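Reviewing the structure listed below.
The values are calculated or read from the model by the stated rules, or taken from the named source; none is laboratory data. Since this is a predicted model, take the numbers as computed values, not measurements. Glycine gets a Cβ as well: all are built from the backbone with ideal geometry, and neighbour counts include every protein chain shown. For the accessible areas, the whole protein counts, side chains as well, though only heavy atoms, and no ligand, DNA or RNA atoms are used. Shrake-Rupley method; radii C 1.70, N 1.55, O 1.52, S 1.80 Å.
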Amino acid sequence: MGKSDTPSLNKITFLLYDYVDNYRFLSFQQGEEEDLLERFKELWIVHPALMGTMTSIIVLFLCWTIRDSVKMKGFPEKHVFVTGCDSGFGNLLAQRLHRKGFIVIAACLTEKGSQDLKTCTSPTLKTVILNLTNPKSIDSAVEYVTAETGNKGLYGLVNNAGRATPIGPTDWLDIEDFHRVLDVNLIGLIEVTLKFLPLLKKSRGRIINVASVMGRLAFGGGGYSLSKCGVESFSDSLRRDMQHFGVKVSIIEPGFFKTGVTSLEIIEKDLNRLWDRLAPDVKCAYGDKYFQNYLKVQRLSMKTLCSADISKVTNCMEHALIARYPRTRYGAGWDAKFFWLPLSYAPAFIADIMLQLLLPRPVGSKRSLAKNQIDV
């Protein structure tokens with residue numbers, strides 16, 4: 001054999017080594033798979049109940065995921081009415097639905113909000129001025145939507161409009177403070193829903209009501225938690241009544257997000273208003289230090305807890321509109337999913353302790369709970 005045959009011999013030798021290595025690897029891999037299979041069989045024999053439960057959970061989760069991902073079609077023919085579109089969730093949702101091809105009718109509180117929304121979308125997006133505390137304004141919006149939808153009916157109603165202030169310790173407030181929030185967040189929402197129901201039943205449409213984690217776990221006095229708890233109850237009863245007519249109702253439960261509702265400037269201004277009008281004995285019971293610490297807690301909450309990514313909420317709203325099988329409830333935001341909503345299921349004394357750690361203590365408060373107080 002000459003020198004010219006040496007490279008060919010080296011190449012053959014390299015290929016043989018490579019073949020042997022691959023064979024060993026495949027044999028090892030096959031052995032590992034067989035070993036895992038044997039272990040799996042042993043688990044089934046030793047712990048049949050546990051393995052059966054785990055397998056059922058995995059299968060159910062996969063089935064739920066597949067079912068949850070099925071989407072509807074024919075968006076260009078569907079009308080959606082969204083309230084509270086001046087800013088925040090409603091504004092972003094109107095833009096996104098418009099881009100997807102929905103026929104969006106956006107309700108704004110102000111003319112400026114309406115013009116700004118048209119500027120950042122297109123003239124084809126329709127807007128109306130809506131004041132939820134004014135029945136005539138609601139009737140006008142219903143007439144406009146009825147004319148726009150014709151015989152098709154209204155496919156989607158997104159009740160997003162709302163307000164948070166006045167909010168603060170309960171004995172800082174009067175009945176008018178409660179009315180200001182309840183009239184918008186709850187009574188206005190109910191009135192809009194009732195007046196749009198005939199159009200929604202005609203198209204077997206969707207209703208999406210924006211509640212809050214504070215509707216599941218009340219903290220902070222005022223009408224906000226009351227109104228959102230009312231939205232939860234109203235939506236549940238409405239869903240059960242409307243299922244016979246093909247109308248689906250979903251509830252959005254956002255955590256803390258940076259919107260006009262959570263504007264620190266508005267909240268602080270209103271808290272100062274409430275503090276300044278308090279009777280001297282109430283002020284004395286709380287103390288100036290309590291008020292300053294309460295403001296600090298609000299600043300900390302709004303700056304650290306509030307997420308700027310409001311698309312987490314609008315994604316839930318979109319899914320409730322386009323999914324063939326929309327969910328009953330959507331927890332929006334990591335704080336909602338992993339803190340506030342789980343805490344709402346905990347015993348009341350645990351939730352009370354957690355919230356006490358977040359809020360300051362009044363000067364005149366007792367250091368311990370009454371001995372005869374029981375959690376039920």
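Between Asp352 and Phe245, with labels modelled 7 Å along Cα→Cβ, what's the label distance in nm to one decimal, could you check?
Roughly 4.3 nm, to one decimal.
Given H placed 1.01 Å from N in the peptide plane, which residues other than close sequence neighbours of Ala332 have an amide H under 5 Å from its amide H?
Placed amide hydrogens put Glu253, Gly255 under 5 Å from Ala332.
Using θ = phi - 60° and the Karplus form 6.51 cos²θ - 1.76 cosθ + 1.60, what ³J(HN,Hα) does each residue of the range 94-100 get, whole Hz, x for Gly and Pro?
Each residue of the range 94-100 in turn: 4, 5, 5, 5, 4, 5, 6 Hz.
Run the quick spin-label model on Ser344 and Thr55: label points 7 Å from Cα toward the beta carbon, then report their separation in nm to one decimal.
3.6
Given a 1.4 Å probe and heavy atoms of the protein chains only, how would you sort Cys108, Cys284, Cys229, largest accessible area at the top?
Cys284, Cys229, Cys108
Say each of Cys284 and Trp334 gets a label point 7 Å from the Cα, pointing the same way as Cα to Cβ; how far apart are those two points in nm?
Modelled inter-label distance: 4.8 nm.
Restrict the search to the range 61-115; then list the trypsin sites (Lys or Arg not before Pro) that DSSP places in a loop and that have at most 13 other Cβ atoms within 10 Å of their Cβ.
Here the sparse-neighbourhood loop sites are Lys73.
Enumerate the residues in the range 238-277 having an amide nitrogen under 13 Å from the point lying 7 Å beyond the Cα of Arg180 toward its Cβ.
Under cut-off, by backbone N: 266-277.
How much length would be gained if the chain were fully extended between Glu77 and Ile129, taking 0.36 nm per residue of separation minus their Cα-Cα distance, in nm to one decimal?
Between Glu77 and Ile129, full extension yields 16.4 nm more.
Please report the carbon-and-sulfur percent of the accessible area for the range 66-212; probe 1.4 Å, protein heavy atoms only, DNA, RNA and ligands left out.
Reported share for carbon and sulfur atoms: 55 percent.
Under 5 Å between amide hydrogens, which residues at least 5 positions from Val210 or on another chain qualify, with H placed 1.01 Å from N in the peptide plane?
Asn159, Ile252
Which residues' amide hydrogens lie under 5 Å from the amide hydrogen of Gly260, considering only partners 5 or more residues apart or on another chain, with H built in the peptide plane?
Residues meeting the amide H criterion: Gly88.
Considering only C-alpha atoms, what is the centroid distance from the range 208-231 to the range 144-187, in Å?
The range 208-231 and the range 144-187 have Cα centres separated by 12 Å.
Counting only protein chains, not ligands or nucleic acids, how are Lys126, Lys289, Lys228 ordered by accessible area (probe 1.4 Å), most first?
The most accessible residue leads, giving Lys289, Lys126, Lys228.
Once the piece of chain linking Glu148 and Asn272 is laid out straight, how much longer is it, given 0.36 nm per residue of separation minus the C-alpha distance between them?
40.2 nm
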